[in-house]
Amino acid sequence: MRMERELRGIPLWLLAEYLLELGGHATEPGRVQGDGWEASLTQLEDFRVGSLAVGQVRIAVQGSSDAMALLLPLLEKKLLRAGG
């Protein structure tokens, strides 16, 4: 199973930290591996609207269906952002 997303407004280092908190370990820069899953993180060019620039990161996670079923809901919870 594979999931790929582009995320805005979260730095790459923080996304990597979230994956470490969810049981992963860094295998090399931009890669985190956990029990039955592996994630690749890529810094993208800033998203621009007029003079506003927001950082973007691409995450690609692949793994067994069981591992992904456990990981993805927990990761989604960490990615929630409140407006304000």
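What residue, of L20, L44, is touching a residue at least 12 places away in the same chain (Cβ under 8 Å), more than 10 Å from the chain's Cα centre (by Cα) and in a helix (DSSP H, G or I)? So that I can check it myself, show each step before the final result.
Numbers: L44 fails: in a helix (DSSP H, G or I).
Checking each option against the conditions leaves just L20.
Do any residues in segment 47-63 that are β-branched (V, I, T) have Cβ atoms under 9 Å from those of residues that are surrounded by 15 or more Cβ atoms within 10 Å (Cβ to Cβ) and at pLDDT below 95, where the two are at least six apart or on different chains, and which pairs are they?
As it stands, the answer is V57/I10, since those pairs meet every condition given.
Identify, please: which residue in segment 47-72 is under 12 Å from the mean Cα position of the chain (by Cα) and closer than 16 Å to G24 by Cβ and is, among those, surrounded by the fewest Cβ atoms within 10 Å (Cβ to Cβ)?
Selected residue: A60.
Those residues that are buried (at least 16 other Cβ atoms within 10 Å of the Cβ) and of a type in the set (S, T, N, Q), I need them from segment 6-38; list them, please.
Result: Q33, single match.
If you check every pair at least six apart or on different chains, which have Cβ atoms under 8 Å apart with a residue in segment 4-16 that is touching a residue at least 24 places away in the same chain (Cβ under 8 Å) and within 17 Å of L74 (Cα to Cα) first and a residue that is surrounded by 11 or more Cβ atoms within 10 Å (Cβ to Cβ) and of a type in the set (K, R) second?
Every condition considered, the pairs that remain are E4/R58; R5/R58; L7/R58.
The values are calculated or read from the model by the stated rules, or taken from the named source; none is laboratory data. Values in this document were obtained by computation on a predicted structure and should not be read as measured data. Using ideal geometry, Cβ is built from the backbone for each residue, glycine included, and neighbour counts are taken over all protein chains shown.
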